[in-house]
Amino acid sequence: MTGGETALLRAVRTRLQAALTGSAYEVNIEIDEQGPATAAQKYVAIVPGGFSPGSYHNPSGGIYDFKYAVDVFVVMRITNVPRDRERDAFMFFLESVSSICEAVIVALDYRYDVTDTANVLLAAEQPGTLGFIHPLVLRDIDPKPRVVPAEVFGAGKETRAGMSRRISFGNAHRVVYRTAN
């Protein structure tokens with residue numbers, strides 16, 4: 001039962017680093033929706049989305065059924081421009097963030113190769129353990145972009161340092177059968 005969440009997060013990171021051709025400073029697993037101060041102009045944070053019991057969950061019968069979720073936080077540093085000149089800058093940054101979001105969706109939505117990678121990691125760490133039987137599925141996207149403060153990058157007090165969107169994926173299904181003690 002253990003290891004499913006971490007294996008899935010690592011598989012998502014591997015997939016997005018390949019799909020977005022990013023280094024560890026551009027795509028990485030984070031504890032929250034924030035990037036490091038060393039983040040590049042564009043940063044993708046992979047954040048645990050939690051897990052919940054699935055419809056077959058019956059621990060008294062030895063069946064552990066969980067559905068896992070992953071959130072992907074796309075953020076891009078923006079320049080501070082006067083209010084009367086924001087429109088063009090906003091459209092440029094919106095287009096850039098949206099193109100990254102589209103690439104993330106294409107790379108993760110209903111892609112069995114992501115859960116297959118997680119299964120390989122699980123098999124290496126816990127031989128004989130069953131893996132994921134269903135891939136991540138797009139669940140939600142922020143309806144509009146958010147302007148984020150400099151704290152998102154571990155920086156100063158600037159209130160408009162970046163533009164971001166959160167993409168949520170869920171339904172990565174894993175069933176584990178408990179063996180008798």
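Site pair Glu95 and Ser52 shows an inter-label distance of 3.9 nm when each label is modelled 7 Å from Cα along Cα→Cβ. Under a model in which nothing but the beta-carbon of Lys, Arg (+1) and Asp, Glu (-1) is charged, the chain shows a dipole of about 140 debye around its Cα centre. Within the P(r) computed for the stretch 1-70, what percentage of the Cα pairs occupies the region above 16 Å? Result: 54 percent of Cα pairs exceed 16 Å. Using Cα-Cα distances under 8 Å and only pairs 6 or more residues apart, what relative contact order does the stretch 4-177 have, in percent? Normalised by residue count, the contact order of the stretch 4-177 is 28 percent. With a Förster radius of 41 Å applied to the C-beta separation of Ile63 and Asp84, the computed FRET efficiency comes to 0.10.
Of all segments of the chain bounded by trypsin sites (Lys or Arg not before Pro) found in a DSSP loop with no more than 16 other C-beta atoms within 10 Å, the longest spans 1-156. Overall size of the chain from C-alpha positions, given as principal axis extents largest first: 67, 27, 27 Å.
Where a number appears in this text, it was derived from the coordinates with a stated rule and is not lab data. None of these values were measured; they are calculated from a predicted model. Every residue, glycine among them, receives a Cβ derived from its backbone with ideal geometry; neighbour counts consider all protein chains shown.
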